[in-house]
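The values are calculated or read from the model by the stated rules, or taken from the named source; none is laboratory data. Everything numeric in this text was worked out from a predicted model, so none of it was measured. Reconstructed Cβ throughout: ideal geometry from the backbone, glycine too, with neighbour counts over all protein chains shown.
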Amino acid sequence: MMSAAGARVGRAHSSCARRPDTRPPGDLLARGMEHMGFTTVATPARRASTAAALALPLLAGCSSDAPQSWLNAQGPASRAVVELFWPITIAAIIVFIFVQGLIIYSVIKYRARPDGPEAQQFHGNLTVELGSTIITALVFIVVLAMTVNTQRVLSAPLENPKDALTIKVIGHQWWWEFQYPDDGIVTGSDMVIPIGKPIIVEITSVDVIHSFWVPMLAGKMDAIPGRNNRMYLEADREGVYSAQCAEFCGIEHALMRFDVVALAPDAYEKWRTVHKTAPAEPSTTSTDPSIVLQARGAQLFQAGACKTCHAIDGTAANGKVGPNLTYFAGRTSVAGKTLPNTVENVKAWLRNPQAIKPGSLMPNLNLKEEEVDALTAYLCRPIDPSVSTGCQVPSAAKK
Ligand code: HEC
Ligand SMILES: [Cu+2]
């Protein structure tokens, strides 16, 4: 089941994610466009014309695959919005064509001709005036009723939160943190939810204003420092839903992405049970070379800079600057979906985060290759293959 989900992530990555960029971080437009699947030529002269030429297709984004099309609603909250959008849009198109049609018809049919009659002066037509006023008012009343109904659907779980699961969402430059207050679970970049259950997200930020957006599951909601904004979302089906920050928040805004991983209730229960407790740290007495390497990584993690920025439950590391790395091995991505979570990508990230996500708040720590290997072995050690994917090497497939 997770392998099907994993395949979807893979596809989304291949079509929409950009390759690591070693250019100067200033070239935001080109980076943004490449993020959306465009190839750009980064000369200043070309850049302006490219911007203009691509303004329209940019709106379509990754439309060939469309992992982030809000019109493809996959849950009751987003469906309520789409079901309001189409009738209003279609009504607007009908009214537009009708009114424009009347105007064009009159302009052509009653245009002034050299031998035409003088225009007749008259007061007006009560039937037409009353009729158009009443029809317009009726259209607006229907739209109002539908809007109120949509708002009712979207706010019902917020008013009755006892049947819902509450997840705290915290925006950071440039990644998302997810906290499960009832279970003491903290994750980053993967928001795991059960399907068929209302989820209340409580959204805030620790630095600047971000915007939380899972296009297929709900609308957007601002993440504002010092405020808790609440929103309802829900997924009908299992899957990995692509999501991102929707408000410009600094240099790596385009790479502030995340996944909502929706699991069947029993799979979610399993995930929850595993993640509620910290995994065992690698044994320091084992002679198995792979465990020795993992233990060396654990020791480097606790001795070095890592623990000042990252937390690992069950250890002394409780840094709050970067993502909690307790169950990092099972996540789908590295650094806000910048790279898929594989052993090779974790190593590349540790060698120099700035080469992969320039401007990221994790500095280049100039680690030795031996340290990179040990830290990767530690972070990617097999924890619970039955409930996760990610960079973990399953015990059976161990080299
Ligand atoms: C100065 C703070 C800081 C230090 C020191 C630091 N990190 Fe990070 N780290 C971060 C931040 C911030 C991020 C998130 C970057 C992003 O996505 O923009 C991050 C991301 C990561 C990730 C990806 C996590 C994810 O959920 O995608 C890994 C793995 C990681 N760091 C490992 C380490 C290791 C191992 C060390 C020690 C060698 C270390 N970090 C030292 C701040 C730090
Ligand atoms: Cu942001």
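Numerical summary
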| quantity | calculated |
| --- | --- |
| All positions within region 139-184 that are at pLDDT below 95, crowded, with 21+ Cβ neighbours inside 10 Å and away from ligand 2 (no atom under 16 Å from the Cβ) | Pro157 |
| Checklist (1) in a strand (DSSP E or B); (2) more than 16 Å from ligand 1 (Cβ to nearest atom) applied to Asp236, failing item | (1) |
| Region 342-364, subset more than 20 Å from Gly330 (Cα to Cα), assigned to a helix (DSSP H, G or I) and in contact (Cβ under 8 Å) with a residue 60 or more places away in the chain, residue nearest to ligand 2 (Cβ to nearest atom) | Ile356 |
| Residues located in region 335-355, provided they are over 19 Å from Gly304 (Cβ atoms) and either within 9 Å of ligand 1 (Cβ to nearest atom) or charged (D, E, K, R) (or both) | Gly336, Lys337, Thr338, Leu339, Asn341, Glu344 |
| Whichever residue in region 233-250 is aliphatic (A, V, I, L, M) and within 10 Å of the chain's Cα centre (by Cα) and, among such residues, is nearest to ligand 2 (Cβ to nearest atom) | Ala246 |
| Residues (surrounded by fewer than 22 Cβ atoms within 10 Å (Cβ to Cβ) and away from ligand 2 (no atom under 16 Å from the Cβ)) located in region 187-225 | Pro194, Ile195, Gly196, Lys197, Pro198, Ile200, Glu202, Gly219 |
| Output for region 274-333, where each listed residue is without any contact (Cβ under 8 Å) to a residue 40 or more places away in the chain and basic (Lys, Arg) | Lys307, Lys320 |
